[in-house]
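Notes for the one structure printed next.
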Amino acid sequence: MRDENINVKIYNLNKKEIHIKKIDQLIKEMIASQIPINFDIEALKAQAIMAMTLLVRKMKIFGGVGCKEYERADICKGEKWMDEDELKKKWGDDFERNWKKVDRAFKETEGKIITINNKPIDPRYHLTCGGATENSENVDGSKILYLRRMLCDYCKNSPYYSNYVELSLEEIEKRLDIKTEKASPTKGPNIEGIIEEIIRDEQGRIRSMKIGGKKLKGAEVMKLLGLNSTRFGWKPIAFRIETKGEGHGLGLCQYGANEMAKEGKTAEEILKYYFTGVEIKTVEKPSVDSPMKGKVIVLDAGHGGDNTEDVVGVNGTREKDINLSITLKLADFLRKAGAKVYLTRETDVYVPLSQRADISNNIKPNFFLSIHQNSFGNPNISGSEIYYYRGDKEGEILANHILEQFSSMIGITSKGVKVAGFYLLREVRSSTLQVEVGFITNPEEEKKLKNEKYQTLVAREICNAFIKYYSYE
Ligand SMILES: [Zn+2]
Ligand SMILES: [Zn+2]
């Protein structure tokens, strides 16, 4: 299954240029830079699986959305790693030995990714959790089911388990952009555990106070500390701030992973411990002959059977028949391209909408496509429009590809990609589009839509849009 030809397009935000790297090489560089090299091989393997998961999640060839800043690239500089030359410099004489270890971690996990509902997860990790990992909503604000709080005392021997910084008040004021009150000889705050129970007379002289749990008279403090007066105040000017752990605490704790590995746990066991409810799967790498290999698509021919909610053309053409015909042809094209295709109906029957959603939600496809024809009072209106559900970025991108193919290859007018809240867009839990191929109420378009050759063209171009979606250009 080894495919040396998968290239990753990397966009360098600083240099504003793209460079290309083989996926195998990139994964090895990522392992080498993202986890201490002296860690156990199973911890390195867990890191390797996370690196592959991230790439599958991002790369267009696997259906990812690519780099946010530059849409023609797979990943951008946000994902940090050192390249082989930099690693050679860093490791010196140890390079050969270290690189061998990295290569082993890569080979023993090749193609494996972490999934939930058949989709690659966002593989978060940090150096040391300090006792427990964190729920995602406490860090990012959104609740992610596989990023749950896990107790972890595996990392208790990590040098990062607990730490502290000492900061002057001045520094704290600067960094937090705040101003604290000035010190005053007649005021001074309670500082729990240090200075408490302060009693002053009317002139502001200290009668008594508790310092570090010990009750002292003002005069005693004055004498012991060598102060000039019992009229004194205070203000902390430095803080020692103690921390536990290193990093955001989401997902895998690397020091913990290393300890688990030393105790004999495998990479997969480690990943399943830190990511709740996930499965480890092997991805199918796309090939040139079957660009849709590994993709699962559910096609839905709108309406059907006794249902009369479909639209009817001036010459009596029924929408449901055109929908079914285009859908069957599209299924053929997609299967030839290597996709696994399921249909909500294959004949002229009516399937309730809730059942169509259930079918898809059981299959959990990459895309759900509902095929329809449009209608309008004015018979002059023609063209294609596509609906997607608000926030469905993948759906929006595919929809734009379809309209581009329609217009450049068949000359169909684009009426645009639009947001809608239709039942299936809402209830199907995959990326979902409703494609309104043409206006059956426009006599010219009605005639075309009835034509088998035209239907084939439409199906072919939807398939081509899919292929485009899963490739670069
Ligand atoms: Zn930990
Ligand atoms: Zn319809």
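Here are some notes:
- For Lys453, the lysines whose Cα comes closer than 30 Å to its Cα, not counting residues fewer than 8 places off in the same chain, are Lys293, Lys295, Lys320, Lys329, Lys336, Lys340, Lys415, Lys418, Lys468.
- Coupling constants for the range 131-136 follow from the phi torsions by the Karplus curve (6.51 cos²θ - 1.76 cosθ + 1.60, θ = phi - 60°), and in residue order they are x, 6, 7, 10, 6, 4 Hz; glycine and proline get x.
- Nearest-0.05 FRET efficiency for Asp332 and Ser162, computed from C-beta distance (R0 51 Å): 0.25
- Cα centre as origin, Lys/Arg/Asp/Glu Cβ charges: the range 181-234 dipole, Debye: 180
- Listed residue (Thr186, Gly226, Gln203) projecting farthest to the positive dipole end of the range 181-234, Cβ model: Gly226
- Per-residue Cβ neighbour rank within 10 angstrom, fewest leading, Phe333, Phe275: Phe333, Phe275
- Computed helical MRE - 222 nm, the chain, DSSP H runs ≥ 4 contributing -39500 (n - 2.57), nearest 500: -10000 deg cm²/dmol
- When each of His303, His372 is scored by the number of other beta-carbon atoms lying within 10 Å, the sequence from fewest to most is His303, His372.
- Dipole magnitude for the chain: computed about the Cα centre from +1 point charges on Lys and Arg Cβ and -1 point charges on Asp and Glu Cβ, it is near 1300 debye.
- Cα centre as origin, Lys/Arg/Asp/Glu Cβ charges: the range 296-469 dipole, Debye: 480
- Here is the short version for the chain: Cys152, Cys155, Cys463 have no other Cys C-beta closer than 4.7 Å.
- Taking a straight Cα-Cα cut-off under 15 Å and skipping sequence neighbours fewer than 8 places away in the same chain, the aspartates and glutamates within cross-link reach of Lys210 are Glu192, Glu196, Glu197, Glu220.
- DSSP bridge orientation in the chain - percent antiparallel, rounded to nearest 5: 60
- Taking a straight line from the alpha carbon of Lys21, these lysines sit under 16 Å away, with near neighbours fewer than eight places off in the same chain left out: Lys9, Lys58, Lys60, Lys77, Lys80.
A short reminder: the numbers here are calculations on the coordinates, not readings from a lab. No experiment lies behind these values; they were computed from the predicted model shown. Cβ sites come from the backbone with ideal geometry, for glycine too, and all protein chains shown count toward neighbours.
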